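Here the structure comes first, spelled out in structure tokens, and everything after it is commentary.
Nothing in this text is a laboratory measurement; each read-out follows from the coordinates by a stated rule. This structure is a prediction, so every number in the text was calculated from the model and none was measured. When we count neighbours, we look across all protein chains shown, and the Cβ atoms used for this are built from the backbone with ideal geometry, even at glycine.
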Amino acid sequence: MDTSSDIHVEAARIQEEIKSHLGLRSSDLMFEYGNTDGKIKLDLITINPRHNQSFLFHSVMGFDKVDALNKMLDYVENYKEKENSYTIQWIAKGNKELNTSYFRASSVYDALDKLYYGRDSNTITVFSVVLNPVA
């Protein structure tokens, strides 16, 4: 068995573990890879089927795809203890329905970055950002 197929099998296994831990369907989760300064950047994106919008869940950097996935898995297993919970109410341009989305982030700015990920900031109007109480 050649090494490249082992890497793909391992990457698929870790992606499945991440998806399972989050309790999301494959159609509601995207793994987006890119190269930055010779490292692999992994953006984990969630898709909300109710309002058909995508948001950044988290980004990590790794030496290779498997390293980035392992770092993402570690984040997914521990993020609730490490990051604050935010509720953001917003409306997409041309829409009349107020949407509510929930984010785990280190700050209000980080939560807004996750909301605006991959889109022009003029396409969404934010009405409120609330730091949720710690349970």
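Working note: Karplus 6.51/-1.76/1.60 with θ = phi - 60° gives segment 122-133 the couplings 7, 8, 9, 9, 8, 9, 7, 10, 10, 7, 6, x Hz, where Gly and Pro are set to x. Taking 0.692 mPa s as the viscosity and 37 °C as the temperature, the Stokes-Einstein diffusion coefficient of the chain based on its alpha-carbon Kirkwood radius rounds to 204 µm²/s. For ALA11, what is the net charge nearby, where nearby means another residue's Cβ is under 14 Å from its Cβ and Lys, Arg count +1, Asp, Glu -1? Neighbour charge sum, excluding ALA11 itself: -3. Taking amide H positions as modeled 1.01 Å from N, with prolines and chain starts lacking one, the residues under 5 Å from HIS58 and 5 or more places away or on another chain are LEU44.
Going down the list LYS65/LYS93; LYS39/LYS93; LYS39/LYS96; LYS39/LYS82; LYS65/LYS114, which pairs span over 32 Å between their C-alpha atoms? Too far apart for the 32 Å limit: LYS65/LYS93; LYS39/LYS93; LYS39/LYS96. What is the sum of charges, Lys and Arg at +1 and Asp and Glu at -1, for the other residues whose Cβ falls under 12 Å from the Cβ of MET30? Once all neighbours under 12 Å are counted, the net charge is -1.
The convex hull built on the alpha-carbon positions of segment 1-76 has an orientation-averaged projected area of 5.3 nm². Highest mobility in the GNM of the chain, judged by mean-square fluctuation with C-alpha springs under 10 Å and restricted to LYS41, LYS96, LYS80, is found for LYS96. Each residue of segment 44-50 was assigned a 3J(HN,Hα) from its phi angle through the Karplus curve 6.51 cos²θ - 1.76 cosθ + 1.60 (θ = phi - 60°); the sequence is 9, 10, 9, 10, 8, x, 5 Hz, with glycine and proline shown as x.
Our helix-only sum for the chain, with -39,500 (n - 2.57) per DSSP H run of n ≥ 4 divided by its residues, gives a mean residue ellipticity at 222 nm of -11500 deg cm²/dmol. In order along segment 57-62, the Karplus-derived 3J(HN,Hα) couplings, from 6.51 cos²θ - 1.76 cosθ + 1.60 at θ = phi - 60°, round to 8, 5, 10, 9, 10, x Hz, and Gly and Pro are given as x.
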